[in-house]
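Everything on this sheet refers to the single structure shown next.
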There are 2 protein chains.
Amino acid sequence: MRATLLYGAGDVRVEDVPDPKLKLPTDAIVRVLRACICGSDLWPYASKPSSDHGDRIGHEFLGVVEETGSEVSGLAPGDVVVAPFLWSDNTCDFCTEGLQPSCRHGGRWGAGDVDGGQGEAVRVPQAAGTLVKLPVGEDTALLPSLLTLSDVFPTGHHCAVTAGVDERTSVTVIGDGAVGLSAVLAARRLGAERIILMGRHTSRTDLGREFGATEVVAERGEEGVAKVRDLSGGDGTHRVLECVGTKPALETAFGVAREGGVISRVGVPQYEEGPMGFETMFFRNITLTGGVAPARAYIDELLPDVLDGKIEPGKVFDRTVGLDEVPDGYRAMADREALKVMVRP
Amino acid sequence: MRATLLYGAGDVRVEDVPDPKLKLPTDAIVRVLRACICGSDLWPYASKPSSDHGDRIGHEFLGVVEETGSEVSGLAPGDVVVAPFLWSDNTCDFCTEGLQPSCRHGGRWGAGDVDGGQGEAVRVPQAAGTLVKLPVGEDTALLPSLLTLSDVFPTGHHCAVTAGVDERTSVTVIGDGAVGLSAVLAARRLGAERIILMGRHTSRTDLGREFGATEVVAERGEEGVAKVRDLSGGDGTHRVLECVGTKPALETAFGVAREGGVISRVGVPQYEEGPMGFETMFFRNITLTGGVAPARAYIDELLPDVLDGKIEPGKVFDRTVGLDEVPDGYRAMADREALKVMVRP
């Protein structure tokens with residue numbers, strides 16, 4: 001089959017790789033209907049040292065079960081399924097608590113001998129725990145929104161949930177990438193009536209407004225902080241959803257957080273240390289939370305709203321490419337030409 | 001009157017100062033029955049540059065109202081009252097939310113023209129908002145436990161509350177100082193059944209056991225982390241109450257926190273930056289919370305248990321000194337000879 005490999009910064013290739021086969025009785029084979037490129041894929045795309053050996057890449061996909069191992073219950077060939085961006089048994093203590101990224105028998109797509117998601121098919125470990133069966137046909141128009149359940153929408157949702165967003169809280173969302181916009185949608189869905197979106201790409205912030213942002217702040221850094229504070233009576237907002245992952249974005253988050261407030265991060269942090277001192281955080285009783293989203297835990301809750309058409313998180317996709325065009329999809333996202341690229345193998 | 005002043009590291013003096021007088025109609029004058037020395041007083045005691053000018057010090061006291069300004073309601077001369085370690089109007093939006101340290105009209109004892117608590121009397125700004133009337137006489141045996149409501153016990157309680165301690169969570173408390181022991185007592189009060197106390201002073205950890213600690217770990221650093229992990233099935237505990245404030249204590253906190261867990265800090269941080277990276281915090285979904293306790297917000301909840309004798313947080317006091325002996329009280333606490341020193345002016 002064909003699959004995507006990353007050889008180094010800017011060097012994505014689509015190549016022939018061995019067809020996936022069941023290795024363990026808990027595996028399933030899924031033919032990929034749709035995959036996509038994640039903002040977090042852009043970090044290694046920007047920085048991976050060049051190598052002779054390509055690494056399989058991609059961790060968001062939706063497809064059709066082709067084959068199941070003897071111990072896989074609840075799934076059968078022909079089922080349309082979505083895969084969260086980490087695989088997990090969904091039965092260990094961490095999974096039971098809704099913390100699937102810490103699953104005792106789970107792991108990452110593309111790591112070791114596990115397939116990446118940006119290919120024609122995937123061997124899915126812990127298939128019964130990982131895959132969620134979708135009550136739709138292969139040809140449903142809902143595929144884009146259903147695909148967001150693999151990562152980007154639950155990640156925005158995780159940001160809003162861990163921040164404690166509700167109808168009484170004012171919210172700032174930092175970042176107008178697909179995760180930031182998903183966080184806007186999630187915050188609105190959780191009842192927030194005041195959502196300030198910090199972003200400077202009008203096409204994206206327009207979608208942010210459609211998703212529920214009530215104000216947009218295009219300024220960055222100190223100027224952006226001052227603007228958000230102006231909009232919030234000088235205090236900042238109760239909740240800050242940091243959806244970028246850079247240190248400047250983190251600093252902005254501390255700048256726009258109201259005392260007693262919560263900053264939640266879901267952008268993969270590109271730094272090791274951050275401000276935790278008396279003035280920045282301690283005296284102000286700021287809480288810092290968030291992390292890698294347990295997408296698997298949230299799918300059951302989010303799926304009905306997608307099926308009902310109440311929310312359309314799939315609007316974050318503004319370009320669709322075939323598998324052979326994936327390298328151009330990476331380029332387009334890295335150049336901010338596309339917001340989020342869907343892949344139709 | 002006599003009051004305590006800090007002139008520099010190791011240089012505490014008790015001197016004559018002007019008697020407090022009402023300045024604003026919202027003030028009250030309180031004669032101090034009991035004050036005490038806080039672990040946080042030891043930071044300036046260890047490091048303040050020497051000066052010709054002494055700063056008033058002390059932020060924990062309990063006393064008798066002597067005089068009230070014309071706008072002070074709910075208080076009358078003769079009332080026994082406790083003062084939280086920050087004064088506040090208790091009516092602004094932050095106070096109403098239970099975040100009195102951020103009060104729009106509040107402040108610190110000993111700052112500007114405000115008296116410190118370690119003296120014979122105190123002018124109390126925003127007296128109606130700040131002081132809590134206690135239904136006891138001046139001679140009650142409960143004075144030590146009631147005095148802890150000014151800071152140390154609500155601070156331990158804040159740590160446990162913000163960490164989300166309840167009957168389902170395992171807890172590690174870092175630090176066997178008076179705040180750490182108060183955090184143990186607070187965690188037990190909130191239902192925690194498993195409380196590991198990290199501390200190496202047996203006399204203190206013995207009180208910790210009396211307060212509810214189920215295990216004591218005397219080791220520090222990596223060895224301490226390994227021990228706590230051993231005791232918690234390799235995973236660490238759900239909640240970590242960091243009651244020291246040093247960077248090594250913070251690092252220990254990250255080391256003993258279970259994935260998906262919460263670290264709450266109430267020890268005043270002696271650092272500006274800390275670990276917030278992918279491996280330490282983000283991938284593990286660790287939440288960092290805590291901060292300066294809204295003691296005023298908690299007194300109403302904690303007072304009945306003290307009055308009923310259900311809890312005796314005053315056991316943290318292991319030495320009582322007169323006002324003129326306060327300098328020796330500082331020395332004794334700094335030398336770890338005394339756990340917490342009460343002052344009887």
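The values are calculated or read from the model by the stated rules, or taken from the named source; none is laboratory data. Here the structure is a predicted model, which means the values were calculated and not measured. As a convention, Cβ positions derive from the backbone with ideal geometry for all residues, glycine included, and neighbour counts pool all protein chains shown. With ligands, DNA and RNA removed, areas are computed over all heavy atoms of the protein, side chains included. Shrake-Rupley method; radii C 1.70, N 1.55, O 1.52, S 1.80 Å.
Being closer than 30 Å to B:Gly322 by Cα, of a type in the set (S, T, N, Q) and surrounded by fewer than 24 Cβ atoms within 10 Å (Cβ to Cβ) narrows it down to one of B:Ser182, B:Ser203, so name that one. Break it down into steps so the answer makes sense when it comes.
Numbers: B:Ser182 fails: surrounded by fewer than 24 Cβ atoms within 10 Å (Cβ to Cβ).
Within the list B:Ser182, B:Ser203, the selection yields B:Ser203.
Determine which single condition B:Gly255 fails, assuming it passes every other condition in (1) in a strand (DSSP E or B); (2) open to solvent by less than 40 Å² (accessible area, probe 1.4 Å).
So B:Gly255 meets the others, but not (1).
Give me the residue from segment A:34-60 that is touching a helix residue (DSSP H, G or I) at 6+ places or on another chain (Cβ under 6 Å) and among the charged types (D, E, K, R) and, out of that set, farthest from A:Val179 (Cα to Cα).
This residue is A:Arg34.
Sort through A:Leu197, A:Leu146 and tell me the only one that's open to solvent by less than 10 Å² (accessible area, probe 1.4 Å) and closer than 18 Å to A:Ala297 by Cβ. Before you say what the answer is, go through the steps one by one.
Values: A:Leu197 fails: closer than 18 Å to A:Ala297 by Cβ.
Going through A:Leu197, A:Leu146 in turn, the sole match is A:Leu146.
Does B:Leu190 satisfy the criteria of being surrounded by fewer than 24 Cβ atoms within 10 Å (Cβ to Cβ) and in the same structural domain as B:Asp206 (by TED's automatic domain parsing)? Reasoning before the result, please.
Working: surrounded by fewer than 24 Cβ atoms within 10 Å (Cβ to Cβ): yes; in the same structural domain as B:Asp206 (by TED's automatic domain parsing): yes.
Criteria met by B:Leu190.
Hey, could you check segment A:267-295 for residues that are more than 7 Å from chain B (Cβ to nearest Cβ), more than 18 Å from A:Val256 (Cβ to Cβ) and part of a loop (DSSP other than H, G, I, E, B) and say which is modelled with the lowest pLDDT?
Once the filter is applied, the top-ranked residue is A:Gln270.
Do we have A:Val165 as at pLDDT 95 or above and either over 28 Å from A:Leu86 (Cβ atoms) or charged (D, E, K, R) (or both) here? So that I can check it myself, show each step before the final result.
Details: at pLDDT 95 or above: yes; either over 28 Å from A:Leu86 (Cβ atoms) or charged (D, E, K, R) (or both): no.
No.
Out of (1) within 14 Å of chain B (Cβ to nearest Cβ); (2) surrounded by fewer than 16 Cβ atoms within 10 Å (Cβ to Cβ); (3) of a type in the set (A, V, I, L, M, F, W, C), the odd one out for A:Leu307 is which?
Of everything listed in (1) within 14 Å of chain B (Cβ to nearest Cβ); (2) surrounded by fewer than 16 Cβ atoms within 10 Å (Cβ to Cβ); (3) of a type in the set (A, V, I, L, M, F, W, C), A:Leu307 misses just condition (1).
Only residues that are open to solvent by less than 80 Å² (accessible area, probe 1.4 Å), part of a helix (DSSP H, G or I) and of a type outside the set (Ser, Thr, Tyr): list them for segment A:43-60, please.
Once the filter is applied, which keeps residues that are open to solvent by less than 80 Å² (accessible area, probe 1.4 Å), part of a helix (DSSP H, G or I) and of a type outside the set (Ser, Thr, Tyr), segment A:43-60 yields A:Pro44, A:Ala46.
Could you tell me whether B:Arg123 is open to solvent by less than 20 Å² (accessible area, probe 1.4 Å), modelled with pLDDT of 95 or more and basic (Lys, Arg)?
Details: open to solvent by less than 20 Å² (accessible area, probe 1.4 Å): yes; modelled with pLDDT of 95 or more: yes; basic (Lys, Arg): yes.
Answer is yes for this residue.
Of the residues that sit in segment A:105-120 and are surrounded by 22 or more Cβ atoms within 10 Å (Cβ to Cβ) and away from every other protein chain (no Cβ under 14 Å), which one is nearest to B:Gly233 (Cα to Cα)? It would help to see each step written out before you state the result.
Residues of segment A:105-120 that are surrounded by 22 or more Cβ atoms within 10 Å (Cβ to Cβ), as a first pass: A:106, A:109-110, A:115-119.
Subset that is away from every other protein chain (no Cβ under 14 Å): A:109-110, A:115-119.
Numbers: A:Trp109: 28, A:Gly110: 30, A:Asp115: 32, A:Gly116: 33, A:Gly117: 34, A:Gln118: 38, A:Gly119: 39 Å.
Checking each candidate, the answer is A:Trp109.
Of the residues B:Ser88, B:Ser102, B:Ser73, which is open to solvent by 20 Å² or more (accessible area, probe 1.4 Å) and in contact with a helix residue (DSSP H, G or I) (Cβ under 9 Å, 6 or more places away or on another chain)? Before you say what the answer is, go through the steps one by one.
Numbers: B:Ser88 fails: open to solvent by 20 Å² or more (accessible area, probe 1.4 Å); B:Ser102 fails: open to solvent by 20 Å² or more (accessible area, probe 1.4 Å).
So the residue among B:Ser88, B:Ser102, B:Ser73 that is open to solvent by 20 Å² or more (accessible area, probe 1.4 Å) and in contact with a helix residue (DSSP H, G or I) (Cβ under 9 Å, 6 or more places away or on another chain) is B:Ser73.
Kindly establish whether A:Leu181 is closer than 16 Å to A:Arg34 by Cα, in a helix (DSSP H, G or I) and touching a Lys or Arg at 6+ places or on another chain (Cβ under 9 Å).
Numbers: closer than 16 Å to A:Arg34 by Cα: no; in a helix (DSSP H, G or I): yes; touching a Lys or Arg at 6+ places or on another chain (Cβ under 9 Å): yes.
No.
Only one residue in A:Glu279, A:Glu272 is out of contact with any helix residue (DSSP H, G or I) (no Cβ under 7 Å at 6 or more places or on another chain), open to solvent by 10 Å² or more (accessible area, probe 1.4 Å), free of Cβ contacts under 8 Å to residues at least 12 places away in the same chain and more than 18 Å from B:Arg284 (Cα to Cα), so which one is that?
Going through A:Glu279, A:Glu272 in turn, the sole match is A:Glu279.
If B:Thr155 satisfies all but one of (1) surrounded by fewer than 23 Cβ atoms within 10 Å (Cβ to Cβ); (2) within 14 Å of chain A (Cβ to nearest Cβ), what's the number of the condition it fails?
(1)
Let me confirm something: among A:Glu312, A:Glu325, A:Glu301, which residue is surrounded by fewer than 19 Cβ atoms within 10 Å (Cβ to Cβ) and under 23 Å from A:Val244 (Cα atoms)? Working first, answer last.
Working: A:Glu325 fails: under 23 Å from A:Val244 (Cα atoms); A:Glu301 fails: under 23 Å from A:Val244 (Cα atoms).
None of the others qualify; the one that does is A:Glu312.
Would you check which residues across segment B:234-252 are away from chain A (no Cβ under 12 Å) and either outside any helix (DSSP H, G or I) or out of contact with any strand residue (DSSP E or B) (no Cβ under 7 Å at 6 or more places or on another chain) (or both) and list them?
Passing the criteria: B:Thr237, B:Arg239, B:Val240, B:Leu241, B:Cys243, B:Val244, B:Thr246, B:Pro248.
For B:Thr320, work out the one condition from (1) in a helix (DSSP H, G or I); (2) open to solvent by 20 Å² or more (accessible area, probe 1.4 Å) it doesn't fulfil.
Unmet for B:Thr320, out of (1) in a helix (DSSP H, G or I); (2) open to solvent by 20 Å² or more (accessible area, probe 1.4 Å): (1).
Given the structure, is A:Arg229 within 23 Å of the chain's Cα centre (by Cα) and open to solvent by 20 Å² or more (accessible area, probe 1.4 Å)? Even if it seems obvious, please write down each step before you answer.
Values: within 23 Å of the chain's Cα centre (by Cα): no; open to solvent by 20 Å² or more (accessible area, probe 1.4 Å): yes.
So A:Arg229 fails the test.
Take A:Arg265 and tell me if it is more than 20 Å from the chain's Cα centre (by Cα), among the basic types (Lys, Arg) and buried (at least 18 other Cβ atoms within 10 Å of the Cβ). So that I can check it myself, show each step before the final result.
Numbers: more than 20 Å from the chain's Cα centre (by Cα): no; among the basic types (Lys, Arg): yes; buried (at least 18 other Cβ atoms within 10 Å of the Cβ): yes.
Judged against the criteria, A:Arg265 is not a match.
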